[in-house]
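The structure's right below; bear with me while I get my questions together.
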Amino acid sequence: MGKIPKNLSDSAMFKDYKENKKEKSLFDIAKEFDDADTVKSHAAKKDDSYMDKYLTDALNKELLKLKLDLYKDGIIDYQIKIGREGNKIVLYPSVKKNNRI
């Protein structure tokens, strides 16, 4: 076994390294999932989106305010339920049992 040279650059250390391409690395798998999610989100935005940017931003702000108010009350585990009352769409938190801080 020969001596290991010191102060090599990254490219010099890996110049003779050949990667085995038979198996996918975790980075390749993660990239595939990210690409699939991106395609799905773009497709969903094009097809059946009833919400424009203003409505989405306003809804996000109100949901954040609701989350902060619930946190102040000690509620951290809840779901947002959707209902209708006549011509109104209502979002309300459904609190899970034993979830106080």
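The values are calculated or read from the model by the stated rules, or taken from the named source; none is laboratory data. From a predicted model like this one, the values you see are computed outputs, not experimental measurements. Backbone-built Cβ (ideal geometry, glycine too); neighbour counts: all protein chains shown. Just the protein is used for accessible areas: all its heavy atoms, side chains included, with ligands, DNA and RNA removed. Shrake-Rupley method; radii C 1.70, N 1.55, O 1.52, S 1.80 Å.
Check off (1) in contact with a strand residue (DSSP E or B) (Cβ under 6 Å, 6 or more places away or on another chain); (2) part of a helix (DSSP H, G or I) for Gly83 and give me the number that stays unchecked.
(2)
I'd like the residue in segment 83-95 that is open to solvent by 60 Å² or more (accessible area, probe 1.4 Å) and of a type in the set (A, V, I, L, M) and, out of all such residues, is modelled with the lowest pLDDT.
Going through the qualifying residues, I end up with Val95.
Have a look at Glu32, Glu19 and point out the one that is modelled with pLDDT under 75, over 30 Å from Ser94 (Cα atoms) and exposed (fewer than 10 other Cβ atoms within 10 Å of the Cβ).
Glu19
Between residues in segment 59-82 that are open to solvent by 100 Å² or more (accessible area, probe 1.4 Å) and residues that are among the β-branched types (Val, Ile, Thr), which pairs lie under 7 Å by C-beta distance while being six or more apart or on different chains?
If the second residue must be among the β-branched types (Val, Ile, Thr), the pairs left are Ile82/Ile89.
Out of the residues in segment 35-80 that are part of a loop (DSSP other than H, G, I, E, B) and of a type outside the set (D, E, K, R), state the one that is modelled with the lowest pLDDT. Quick ask: steps written out before the conclusion?
At the first step, the residues of segment 35-80 found to be part of a loop (DSSP other than H, G, I, E, B) are 48-52, 73-74, 76-77.
Next cut, of a type outside the set (D, E, K, R) only: 49-51, 74, 76.
Numbers: Ser49: 70, Tyr50: 78, Met51: 80, Gly74: 87, Ile76: 86.
Across segment 35-80, the extreme among qualifying residues is Ser49.
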